[in-house]
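Below is one structure, written out as structure tokens; comments come after it.
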Amino acid sequence: MLHLPSKAIFHLLAKSATVKRLASRYGMAEPDSFARRFIAGEGVDEALEAGRLLQARGLLLTLDSLGESVSTSEDALAATREYLQLLHAITESGVERNISLKLTQLGLDVDRATCVDNIRRILVPAAEQGFFVRIDMEDSRHTAVTLDVFESLWQYEHRNIGIVLQSYLHRTDDDLRRVMALGARVRLVKGAYREPAAVALQGRSDVNAAYLRQMKALLDNGHYPAIATHDEAMIEAATAYASMRGIGQDQFEFQMLYGIRRDLQARLVERGYRVRIYLPFGRQWFPYFMRRLGERPANVASVLANLFHERRARD
């Protein structure tokens, strides 16, 4: 039996200055290092080069400048300025103008008004330059306020934005109806955070059933939905349902994480589907990566399984 590392171990490692220093020195040092499989690099130039390579393979992309939840207004403003610099770099590079960001990085945990001001500083020039901005969803403590901020931004006439919803939360069916009524774009994910039973579905079959139900609702009534999953059964269910309903391949897209199931990404592109890759980068890659695994230790098994699928496909 495989005994997976506990959540506590990942969080301990993520906080270790020594491990972080070693990871920063060696984790990105080699082109074929494990970290580079899932993180585009520490700098903007590396991310842009990775983006060009993805586009050459017929893939779409969204860039995410990694960062931790900030605790001061100064740090939130610094993160805002980094995103403004990213907009400029993307514009100069010629890669697709699509970014993802988290509200806690822009000060949501400091002050809601500060966060709204910061994201509007990004959205205004982003709209002028033809960018689409996806607001990522975080753990359930932030779900309600993230949706409230998103709705406020929509009322401010920001239309170059989309949101992420997590299928396993009990509230998601209602949230989905709320966002679809706005006419906003949704990225649908199953959900990666470890949440209590009072907040989220716990069984795999229940989560799959919720995802399938919400995916169908999005395909029927959503505005260019993003079906974000590496689950082949869910992907085939989506393609079959879209075909049955006469929904064209240009009316939705699949989304996957950088470095995960590249074989599946390629097959979907060959079949004519749009596939967007979530492309994370930045100096904060190590805490991000460790905490992401730590949110649900089962993610480790998922990573290993995906590596096995690709290796088998090549053999």
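Tally up the residues in segment 58-82 that are assigned to a loop (DSSP other than H, G, I, E, B), of a type in the set (A, V, I, L, M) and at pLDDT 95 or above, please.
1
Select, from GLN85, GLN55, GLN105, the only residue that is under 26 Å from VAL269 (Cβ atoms) and either of a type in the set (A, V, I, L, M, F, W, C) or outside any loop (DSSP other than H, G, I, E, B) (or both).
The match here is GLN55.
Which ones in segment 109-145 are in contact with a strand residue (DSSP E or B) (Cβ under 9 Å, 6 or more places away or on another chain) and of a type in the set (S, T, N, Q)?
Within segment 109-145, SER140, THR143 qualify.
Going through VAL149, VAL207 one at a time, which residue ends up being over 22 Å from SER69 (Cα atoms), of a type in the set (Val, Ile, Thr) and either free of Cβ contacts under 8 Å to residues at least 60 places away in the same chain or in contact with a helix residue (DSSP H, G or I) (Cβ under 8 Å, 6 or more places away or on another chain) (or both)?
VAL207
Is one or more of the residues making up segment 212-226 surrounded by fewer than 17 Cβ atoms within 10 Å (Cβ to Cβ), without any contact (Cβ under 8 Å) to a residue 40 or more places away in the chain and not in a helix (DSSP H, G or I)?
The answer is yes, given that some residue of segment 212-226 is surrounded by fewer than 17 Cβ atoms within 10 Å (Cβ to Cβ), without any contact (Cβ under 8 Å) to a residue 40 or more places away in the chain and not in a helix (DSSP H, G or I).
How many of the residues making up segment 57-71 are touching a helix residue (DSSP H, G or I) at 6+ places or on another chain (Cβ under 9 Å) and among the polar types (S, T, N, Q)?
Number satisfying all stated conditions: 2.
Using the structure shown, decide if ILE227 is farther than 30 Å from LEU66 by Cα, among the β-branched types (Val, Ile, Thr) and touching a helix residue (DSSP H, G or I) at 6+ places or on another chain (Cβ under 7 Å).
The answer is no for ILE227.
Tell me whether segment 114-134 contains one or more residues that are of a type in the set (A, V, I, L, M), touching a His at 6+ places or on another chain (Cβ under 7 Å) and touching a residue at least 60 places away in the same chain (Cβ under 8 Å).
Checking segment 114-134: not a single residue is of a type in the set (A, V, I, L, M), touching a His at 6+ places or on another chain (Cβ under 7 Å) and touching a residue at least 60 places away in the same chain (Cβ under 8 Å).
Which residues, counting only those in segment 190-209, are outside any loop (DSSP other than H, G, I, E, B) and surrounded by fewer than 21 Cβ atoms within 10 Å (Cβ to Cβ)?
ARG204, SER205, ASP206, VAL207, ASN208, ALA209
Assess whether LEU176 counts as being in a helix (DSSP H, G or I) and either among the basic types (Lys, Arg) or crowded, with 19+ Cβ neighbours inside 10 Å (or both).
When the stated conditions are applied, LEU176 passes them.
Of all residues in segment 96-118, how many are hydroxyl-bearing (Ser, Thr, Tyr) and over 18 Å from the mean Cα position of the chain (by Cα)?
Of the residues in segment 96-118, 1 are hydroxyl-bearing (Ser, Thr, Tyr) and over 18 Å from the mean Cα position of the chain (by Cα).
The values are calculated or read from the model by the stated rules, or taken from the named source; none is laboratory data. Quick caveat, the model's predicted, so the values are computed rather than measured. Using ideal geometry, Cβ is built from the backbone for each residue, glycine included, and neighbour counts are taken over all protein chains shown.
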